Structure formats: C-alpha cells, structure tokens
1. Each residue of segment 372-380 in turn: what ³J(HN,Hα) in whole Hz from Karplus with 6.51, -1.76, 1.60 and θ = phi - 60°, glycine and Pro shown as x?
2. Pop out the ³J(HN,Hα) list for segment 39-48 in order, Karplus 6.51 cos²θ - 1.76 cosθ + 1.60 with θ = phi - 60°, rounded to Hz; leave Gly and Pro as x.
3. Go through ILE142, LEU292, VAL244 and say which Cα lies farthest out towards the positive end of the charge dipole of the chain; charges sit on Cβ, +1 for Lys and Arg, -1 for Asp and Glu.
4. Sorted by average packing, counted as other Cβ atoms within 10 angstrom per residue and highest first, what order do 218-231, 289-302 take?
5. Residue separation times 0.36 nm, minus the C-alpha to C-alpha distance between SER214 and PHE124: what's the value?
6. Excluding GLY12 itself, calculate the net charge of residues whose Cβ lies under 14 Å from the Cβ of GLY12, where each Lys or Arg counts +1 and each Asp or Glu counts -1.
7. With charges only on Cβ, +1 for K and R and -1 for D and E, what is the dipole size of segment 157-289 about its Cα centre, in debye, rounded to 20?
8. Simple spin-label model, 7 Å along Cα-to-Cβ: VAL274 to GLN329 in nm?
Amino acid sequence: MSQRRVVITGLGAVSPLGNNVADTWNGIREGRSGIGLISLFDASDYKVKIAGEVKNFDLAEYGIDSKAARKMARFTQFLTAASAQAIKDAGYTKETLAGEKTGIMVGNGIGGFDVMEKAFAKYFQPGAGVNRLPPLTAPMMIPNEAAANVSMLYGIDGPAWTLATACSSGTDALGIALDLVRSGRCDICLGGGTEATINGFGVGCFMVLQALASHFNDDPTHASRPFDKDRDGFVMSEGSAVLVLEEMEHAKARGAHIYAEFAGYGASSDAYHVTAPRPDGSGGALAITRALSDAGMRPREIQYYNAHGTSTRANDASETKMVKIAFGQHAAEMKISSTKSMTGHMIGAAGAIEALFCIKAINDGFYPPTMNLENPDIAEGCDLDYVPNKGIEGTINAAASVSLGFGGHNGCVIMKKYSD
C-alpha cells in the first residue's frame, strides 16, 4: 500500500515581525528585526532588557470577544489567532471544518507563565494564600489549553494534542501531525506551535541560566547574531504559527491551493545533557538523516536549510558540525540561515514558524538571510554559507528545518515544492 501524501493548504502566523503571514514574511525578506526593549513588564532591574514581543495584538479581530479572551492565557490567544488565519487561508470555515476527519497537534514548551506569575503573586501576598487564587488558574495555565480552545472553537473532534519537547516542540508537533494524516487517522490536521514567556518570571528563569543575550540592551536589533563570534545568547520571543496539513487527494478534490508537500520528518535524542547539545553534533545529525530517509530524499536534493541557529556559543558550533555530518560534502554547497536573527527565539513556536518560512522560501524562490553575521566564528568551525545579512533570490525545490531543544530533543522537517 502506497503512503498517503500530505500537503500544506493553509498558513497562519503571529510573530514579533507582524500579526499575520504577509507582514511576518515581508519582515524576513526585508531583513527586519522584531526585537526591542521589553514593554510587557518592568525589566529595569534585569540584566536582560530586550525581547521579541508581539505588538498591537487584538484577538477581537478574529471574532473572539474580550470576555472570552480574558479566559485565555496569552499563548492560547496567539494560537487561536494563527489557527483562524490558517483555517481561513485553507478555504475552510467553522461550518465546513466541523464533521471532517480533523485533528490539531500543538507544540508548547512552557505553558501559561503569565497566568502562573499572576497567581503566585496573589498566593504569596501576606495573609492572602489560597483564597486569593483566580478560579481559572489551572485551566488557563496548562499547556494543552491552547489546542483545546481551538478544537472547541472549530468543532475539531479528532485528536487535540499538545507536545512538549522544549525548543523542538513546534517541529515535533508538525511531525506528529504528518503521521496522523499519513496514517489515515485524520484527513486534515492543524499543526504548529505557540509560546508566550515574556514576563518577569519567564525571562528571569532563562537569564539566571545565562542563556540570554545581555550585551546588546542598547542595540536590540543586533542582539541575535547566529554563527557570529560576538554572539552571547538567544533573544527570547513569543508568538505562534500554524499550518494546515491535508491528505493530497482530499485537498485536490476540493480544489484547494497547495503551498508545498510535507515530505518527511525525523527525530532523535542526544541522551547527553539537560541544556547543552551533544558537542560533536551526532545527535542532531541523526534527526536529519531520519527525515531524509522518511522523505525518500538524498542530502543534495535540499537547497535550503533553516537552522536552529540560536545565537548561543554551544548551539551554533555544534549545529554546524551536525549539518556537516548529515549532509556531507553538500553542507558546503547548501544555503543555510537562521531566521532567529530577526524573530528571536519563539521557543515552542520556533519550529512551526521556521517550517512556515521554508514553505514561503520555496514559493518565493528566496533564501532568507542570517542578519547580524558580521564576523563568522571560524575559530569554532562556523564556516558554511549562512546567507549573511542579505537574502538571495534562487530556485528552492526542497528545504529542511531543524529544531533542537533542552533535554536533547532534536527534530527535522522537510518541505518540498508540490508536484502532482
């Protein structure tokens, strides 16, 4: 029995570059940064004062009234908006989607930190305690809340799952969504990720871990600089991205616009360290080779690689080794870039939006740049073609996107130009 082919028929995004796909992608094409000074909380006493915040966001634009929005954590609001965009883009409505064999698979690394922070503040007030806790704290803070809300809004009665593999969550969620459609459990599956951790507690946790960029508070747009010798950490960001995955014949039968074919997925675990990647890159390379095998493709068939590229000392060097292992000689011929140089690191949403960028790159014939790459860290082996500072026009038939998460989680997805 031949394997069911899976295509992408809808896209949605909320990011530091814009609250829809067009604005977000235009920001990437322009090499524009979405990173600035933190406004969501008072960071004056923090060593880190910058982040990639979503700006001018209003859930009312998607038909969600303020009363309903107040019952959603910020990460859920982002997913709701991105899902609404993707569903509309795919040509569906709530009425036409209901009754279809549909599921939703969401990656989320952390959950409702904003809800937890507010609840803890009330809980620990002198003389307050448990009686001051907001009644909806539990259902708002748990990671599965986002997928559950979207399933209720659109009558999605298939699997509504949430996956947490840290910074690989969005990529792995897409991979599981691919398997749901291939297996026939779903004909349509929303896949993506969402995250909202820009609050005092969220930023503070990663700051004390010394994982965040702290030397560019006066120059935020240059803070995320993957593969550059002056990089000093990642920039925390927020947002969501959702793709509508659909079985190919199902999509063709209804005359859907097809953006790309979802060709393959691979995953692996470093089995090495809770925060650091395996230094030799062998763990991540395994995810890539598994994705290529799943897609039935050879390394040289990939023209573009969207790197995890966090702008940390450990990641960028080990990822370059990883790419060299997985792609061999082709690593030096392939174009690579880290779009986190513009978006920052959207944690659980990162893999989803970077897969979306791969699809847009294929459709537009455009290699996104790695911004702020002024001095490649050759001493640490960062010596590949990272498309520095300016995007390049060119044919892209297939693109790979990789995410690497705390705990050693590695995921790779491969998108390719659609051909019947």
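1. Along segment 372-380, the couplings run 6, 8, 9, 9, x, 7, 4, 4, 9 Hz.
2. Per-residue couplings from phi come out as 10, 6, 7, 7, 9, 4, 9, 9, 5, 9 Hz.
3. After comparing all options, I get ILE142.
4. Top to bottom by mean Cβ count within 10 Å: 218-231, 289-302.
5. Stretched out fully, the SER214 to PHE124 stretch lengthens by 29.4 nm.
6. Every neighbour counted, the sum reads -1.
7. For segment 157-289, the charge dipole is close to 140 debye.
8. Going from the VAL274 label point to the GLN329 one covers 4.4 nm.
The values are calculated or read from the model by the stated rules, or taken from the named source; none is laboratory data. From a predicted model like this one, the values you see are computed outputs, not experimental measurements. All Cβ positions, even for glycine, are placed from backbone atoms using ideal geometry, and neighbour counts span all protein chains on display. Surface accessibility is based on the protein's heavy atoms, side chains included, excluding ligands, DNA and RNA. Shrake-Rupley method; radii C 1.70, N 1.55, O 1.52, S 1.80 Å.
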